[in-house]
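*Asks:* Pasting in a structure now, in structure tokens, and then I'll have a few things to ask.
Here, each number is a calculation from the coordinates, and none is a lab measurement. The model shown is predicted, which means the values in this text are computed figures rather than measured ones. Note that each Cβ is placed from the backbone with ideal geometry, even for glycine, and that neighbours are counted across all protein chains shown.
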Amino acid sequence: STSRHQNQPQGHYGLTSPISLAPPNDIDHIHTQKLIEAMKPFGVFEDKEELYQRYNHTVKFVSLLGFLNLFFFSSKLSVSFLYRTTVLGKLNNLVKEWISELAERKNLPPSITEHLGGKIFTFGSYRLGVHTKGSSDIDALCVAPSHVERSDFFQSFFDKLKSQEEVRNLRAIEDAYVPVIKLDFDGIEIDLVFAKLSMPTVSDDLDLRDDSCLRSLDIRCIRSLNGSRVTDEILRLVPNLENFRLTLRAIKLWAKRRGVYSNIMGFLGGVSWAMLVARICQLYPNALASTLVNKFFLIFSKWDWPKPVLLKRLEESFLNLPVWDPRVNPSDRYHVMPIITPAYPQQNSTYNVSASTRAVMVEEFQRGLEVTDEILKGKSDWSKLFEPLNFFQKYKHYIVLTASAFTEEHHLNWIGLVESKIRVLVGNLERNEFITIAHVQPQSFPGNENLYKQSGRVSMWFLGLVFKKVESAEKTNVDLTHGIQSFTDTVYRQASALNILKEGMKIEATYVKRKQLRYFLPAETLQKRKKQRVSDISQSNSGLQCKRSSLGESCSGSSKERDSRTPSNSSLLNKISKLDTSTAETERLVPPRTYVFEVVCEMQSLISWPNSKSQVSPTEMEATVALRTSGPPIGCTIPGYKTVSQLRPCFVQGQHKLSGTLITDPKSASPKQHYSPTSK
């Protein structure tokens, strides 16, 4: 059955007409059931046992018998829903108490304090209905009336939370892009943001979808409200919530397994994946999840990026807030994969995406299409779609990025900052004329204790590199040092500005070849599989070589002539609908040949080393990469920290040197002359 919202026109969702209104057949139901079974081992669905345990831990004022009777009486009410509703109800009552107490302290008349209100709203995966097993966190919004200030939220309400016996792990992050209080409430992790409205009271029936709620608010309150407004609008714009939710669960699982689920790393976050799935549901309103997953890969493997994905037409408002509009905002013209939020003020949720991360995602869309085509033909099963990416067999060349600090507390602060800036390093590498792809693995790994004995606590990230084809027969020297050093300087300056820079905090970037990864990672992580090669996607029609070279320059030659606010993909959708009579007839974007050059293992610094005799064939590519082990740049000093910035070779032929530890390669001959570090 199809659930429709009363205020949504029947039969038409989104900016364009549906591609297909075909109802599901028996085979579609079978494929969808198999999809559900394939997802269960990954904990995509919460099981009853886990929820009962949480119930017994937290819900104290409802009898277990009555609770279970209610659950089995109404199949639509899950244990998860009732459990979290109880926790949110407690938090909602605390908010109302705090707002009333605050009004008394501010000497508001008693006649007003009785009706001030206050309310908790939810958003994110919990609000979308796609919560997963083992994931108990909830994104929540505290809405308060006009007499409450943001400082009150982070002071008096923070203190009130601290006094509650149910609250654990309480911490405030006031300087975040969206300021937040994080806490565990009765075993549920909650990220709580704040917004005050320009109205004296907040009623229980407040509808945040009304744009008038944004009147006279500062940008931080607008950002806080936007999470809830966007989530509610997504739910309003899909034709069938059950099919949407199951499809979104599948796509999120796939994205995590394939390493493309990370907004902070330049891939997509939860809300962006939700909007992409919602658009597919609009185009195939009657399809089941098995079909929708296949159509997801079909549409977005052929999407004419950087044309935006929109769930509805962009709307004007009397509030005149800044919205995504490349005609007006020059910075919006640089967005390579825009996915626009449906609630006013409309923003691009994927501004972190770079040419490389988009290239990786487009390649994964193409793989997903091939795999799901095989599944729907009965030639494969859904488990193949969820096979993890074997990142460490995919490339020939890697950069190992490490962040280290002496203490656990310093390390947590340090890696959080470094991780948030890794996309800067990706951008720096992309601007190197010889690099086609810089692919970061979102997962971090603990440092090898044998390598980092003197470094304290260490985290590592890995970036795979693909080099461009160079027609010249002569040796090509690729200098990666500038991009790496620019990145490290950026991180140190940011740490200094945030006053978190401590002695012992270091960043190191090391170039390695695939076979040298064994010095950094255990064998089980470097599991050998059938080798996968990254496509030189820069040669495809996805426009990945858009290097943001000039203001307003587009990746598409004709896009300058079009209105970038309005999606011009209707012709694309028409083409797809013609191809779409059966999946087998769908045209493929065949990945071009891969051109990867050999990078010499013996590293050089920016200064030529004496007596260095590398045996390099004319067609090999030599990389000049430095290991950054310095402290902060000029202007970012640490008391007592006097280390001189140094660039030194990462590897010496026959031996590998890192942080003062020599690792001898047993397969190599005795080492050549050892080169000492040279001051920059």
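*Asks:* With 20 Å as the limit, write out which pairs from Lys119/Lys252; Lys396/Lys469; Lys96/Lys162; Lys34/Lys394 have Cα-Cα distances beyond it, or answer none.
*Replies:* Violating the 20 Å limit, Cα to Cα: Lys119/Lys252; Lys34/Lys394.
*Asks:* Among 103-109, 364-370, how do they line up from the highest to the lowest mean number of other beta-carbon atoms within 10 Å?
*Replies:* The densest-packed peptide leads the list: 364-370, 103-109.
*Asks:* Pairs of Cα atoms under 8 Å, at least six residues apart: use those to get the relative contact order of segment 135-238, whole percent.
*Replies:* Relative contact order, segment 135-238: 30 percent.
*Asks:* Provide the per-residue ³J(HN,Hα) series for segment 243-252, in order, calculated from phi with Karplus coefficients 6.51, -1.76, 1.60 and θ = phi - 60°, each as a whole number of Hz, with x at glycine and proline positions.
*Replies:* Once rounded to whole Hz, the list reads 5, 4, 5, 5, 5, 5, 4, 5, 5, 5.
*Asks:* Based on the Cβ-Cβ distance of Asp479 and Arg171, what FRET efficiency does E = 1/(1 + (r/R0)^6) give at R0 = 30 Å, to the nearest 0.05?
*Replies:* With a Förster radius of 30 Å, E is 0.10.
*Asks:* Then there is this: Going by average Cβ neighbours within 10 Å, how do the peptides 308-315, 265-272, 290-297 rank, with the highest at the top?
*Replies:* In descending order of packing, they fall as 290-297, 265-272, 308-315.
*Asks:* If packing is taken as the average count of other Cβ atoms within 10 Å, what order do 457-468, 385-396 fall into, highest mean first?
*Replies:* 457-468, 385-396
*Asks:* Amide H of Phe467 versus every other amide H placed in the peptide plane: which residues, excluding those fewer than 5 positions away on the same chain, fall under 5 Å?
*Replies:* Thr436, Phe597
*Asks:* Now a separate question. Report the full-extension gain for the segment Ser420 to Ala497: residue separation times 0.36 nm, less the Cα-Cα distance, to one decimal in nm.
*Replies:* 26.2 nm
*Asks:* Give me the net charge of Arg168's neighbourhood, meaning all other residues with Cβ under 11 Å from the Cβ of Arg168; Lys, Arg count +1, Asp, Glu -1.
*Replies:* Net local charge, Arg168 excluded: -2.
*Asks:* Apply the Karplus parameterisation 6.51 cos²θ - 1.76 cosθ + 1.60, with θ equal to phi minus 60°, to every residue of segment 508-524 and state each ³J(HN,Hα) to the nearest whole Hz, in sequence, with x for glycine and proline.
*Replies:* Karplus-based 3J(HN,Hα) across segment 508-524 equals 10, 10, 10, 7, 9, 8, 3, 5, 8, 5, 5, 6, 10, 10, x, 4, 5 Hz.
*Asks:* For segment 188-198, just list the computed ³J(HN,Hα) in residue order, Karplus coefficients 6.51, -1.76 and 1.60, θ = phi - 60°, integers in Hz, with x standing in for Gly and Pro.
*Replies:* For segment 188-198, the Karplus-derived couplings read 9, 6, 10, 9, 10, 9, 10, 8, 10, 9, 8 Hz, x marking Gly and Pro.
*Asks:* Then there's this: As an exercise, use a Förster radius of 41 Å and the Cβ-Cβ distance of Asn390 and Val328 to find the FRET efficiency, rounded to the nearest 0.05.
*Replies:* Calculated transfer efficiency: 0.40.
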